[in-house]
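Shown next, in structure tokens, is the structure this report addresses.
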Amino acid sequence: MASDDWSLTPTTLARVAATETLEPTLELTADAERALESHPELSLGIDCCGVCAKPEASMGDAAVECAACRAVVYCGAECKAADADAHARSCALLGFAADLSDAARADARHHASAAAAVEATVDNLKLLGEETARKLIGPRGYRRGEDDDEAGEDQASREAVKLRWGALLKLAKGSSEGSSGVDDENEKERAAALRALGDSLSFPLSIVAASWMFPIVYYTLSIGAGVGKHARDDYDGTGGDGNAERDAKPAQIHVLGGAAAAAAAAPLGAEWWPWLVGFGCKLPSAPGVELVAVGEGVVEPPENRNARAKPKPSGAGRTRASFRDASYETFVAGGAARGARAPCLIFAGDLMREANVDSILETALLSPAPLVTTARTEMELAVESELMRESGYELVGVEKNPFAAPVPTQSPAMANDAQRANEWLAAYVPARGSAREPGGSAGRKREEDAGNASGSAAAKRRK
């Protein structure tokens, strides 16, 4: 990401959003390895020296930090100089991300600007029409498994999963002067608003991307949203019992983990999330899609509840978003008691960072629905895949996400590493024998051996 211009402007943001994430640095000194083995709770360069891993609490007045990015701490000038070359590759990026966050916190109009950017983006996607909009958010030459080269990869597929924020961020300019409220902001405020837009867009667009990467995701979304009623009856286990009230209900997508928290905090409220999923996946407008964000502490802010009372963006259609402040286990148990329909898809952002991941997986296996996850690094993805296998899931596929968060942020484990939220997408389905027959509010039970395996997998999870 070679550039001397790191000013807080939409132009810089667009450049960052289109640049692939830096590969993580894995080199450690012998002193750092010993220190981190003795104190695994430490994060290199964050709460201990970025070179030797000396705990910050024991540095005293000798502690110094990078003056440019303020993101890395050292025990003294000697270690700081030793890390200069390694830190240079991420210094400007870390500083840019931190300054954007500071700008958002300092701007009293930030939430209104971000909401206006969302409204303009949704309106302009609708104005573009389905065919043109699909070129922005739909498959672009992706055909994994067909016409692969000798390395098992296809050039068109590699191009399809490259970051593609450029055109999407331009849609936030508004359909007319002043309609977005963003054009009148100064450059710093506009950049912060666009970042908030991209961070929120990343989650529903991840579901859209999963629908064209993994056919099982599109299939279940389609039958859940009303494409082929007989298929929906078979999937849901109802056998077409003529329950018109239930059949008219929208298909549910359960949103968990970091995605649930992001939905609760979405600019303009989260009503546009299910609309964007339905629009991007070409789902029928009726019965439509309902997004249910579930998690302890997942509560829609008052300003978003007020936003939902206002007129929806044009073309919003029949969509609904709701929030449940409860563990996933409690939420599903309550739904089973009420005879609720099974979800057509479960979407979990940053699943491996959830403290109750084992409980989430046990509960998710009560449904035949595919589980789509996002991860920030290949290491997280590898640990996740192992845990999912031991818990009773089969991996359908893994791919880079073209709609990963536009601005990387500092890794919580190593200060010199920057990582994007939603960098990787993975799709899983319950393994054969891990659940009872699909459908039915009584739920489905995982096999005992799979249940036992998941309990022991918690220790292998990356903290």
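The values are calculated or read from the model by the stated rules, or taken from the named source; none is laboratory data. Being a predicted model, the structure only gives us computed values, none of them experimental. Glycine gets a Cβ as well: all are built from the backbone with ideal geometry, and neighbour counts include every protein chain shown.
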Checklist entry - at pLDDT below 95 and within 18 Å of the chain's Cα centre (by Cα), is that true of Ser367? => result no
Checklist entry - With respect to Asp85, is the statement that it is at pLDDT 90 or above, within 23 Å of the chain's Cα centre (by Cα) and more than 22 Å from Pro215 (Cβ to Cβ) true? => result no
Checklist entry - Quick check: anything in segment 70-83 basic (Lys, Arg) and loosely packed, with under 15 Cβ neighbours inside 10 Å? => result yes
Checklist outcome for this item: Within segment 99-131, residues over 20 Å from the mean Cα position of the chain (by Cα), of a type in the set (A, V, I, L, M, F, W, C) and more than 14 Å from Ala266 (Cα to Cα) come out as Ala103, Ala104, Ala106, Ala108, Ala120, Leu125, Leu127, Leu128
Checklist entry - Quick one: how many residues across segment 261-295 are assigned to a helix (DSSP H, G or I) and among the small types (Gly, Ala, Ser)? => result 6
Next on the checklist: Just to check your reading of the model, which residue among Glu423, Glu394, Glu390 is of a type in the set (Asp, Glu) and closer than 20 Å to Ala97 by Cα?
Outcome noted: Glu423
Checklist entry - Of the residues in segment 421-458, how many are at pLDDT 95 or above and part of a loop (DSSP other than H, G, I, E, B)? => result 3
Item to check | Condition check for Arg70: at pLDDT below 95, over 30 Å from Glu27 (Cβ atoms) and of a type in the set (Lys, Arg) | outcome: no
Item to check | Test result for Arg34, within 24 Å of Arg15 (Cβ to Cβ), basic (Lys, Arg) and either exposed (fewer than 15 other Cβ atoms within 10 Å of the Cβ) or in contact with a Ser or Thr (Cβ under 8 Å, 6 or more places away or on another chain) (or both) | outcome: no
